[in-house]
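I have placed the structure first, in the form of structure tokens, so that the comments after it can refer back to it.
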Amino acid sequence: MTIATSQVGGINRGFREAIVDKLRSCHTKDQLLAFEAQFNANANAGPLYLLICEFLHDRTISRALAAKWLKTILDDRENKLTACMKHL
């Protein structure tokens, strides 16, 4: 049996709730991606996608919200990779 270990478990509850609130306030793809870029550049909690996974695991957020946010982040990464590959 494989047990996943927490990568971002060291952050306090208030900070976690603030991140969830900020994520919920992102109503467009561009807002979410801008927040992701800012979070990844400035926070020491690891990449945002890992934190979203942690929220999902802890049932801090719904599966639907996690899926929406993760799909947006992954689609953006996929589009960037595709664009990069076209230039090679």
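A few remarks follow.
- Scanning the range 68-88 for residues that are within 11 Å of the chain's Cα centre (by Cα) and open to solvent by less than 60 Å² (accessible area, probe 1.4 Å) yields 69, 70, 72, 73.
- Residue in the range 72-86 that is part of a loop (DSSP other than H, G, I, E, B) and either more than 16 Å from residue 30 (Cα to Cα) or in contact with a helix residue (DSSP H, G or I) (Cβ under 7 Å, 6 or more places away or on another chain) (or both) present: no
- Selection within the range 22-67: residues that are part of a helix (DSSP H, G or I) and of a type in the set (Gly, Ala, Ser). The member of this set that is least open to solvent (accessible area, probe 1.4 Å) is 66.
- Criterion applied to 11, 19 was being open to solvent by less than 60 Å² (accessible area, probe 1.4 Å) and over 12 Å from the mean Cα position of the chain (by Cα), and the one residue passing it is 11.
The values are calculated or read from the model by the stated rules, or taken from the named source; none is laboratory data. Note that the coordinates shown come from a computational prediction; the quantities given were computed from them, not determined experimentally. Heads up, the Cβs are rebuilt from the backbone with ideal geometry, glycines too, and the neighbour counts pull from every protein chain shown. Side chains are part of the model used for accessible areas, which takes the heavy atoms of the whole protein and leaves out ligands, DNA and RNA. Shrake-Rupley method; radii C 1.70, N 1.55, O 1.52, S 1.80 Å.
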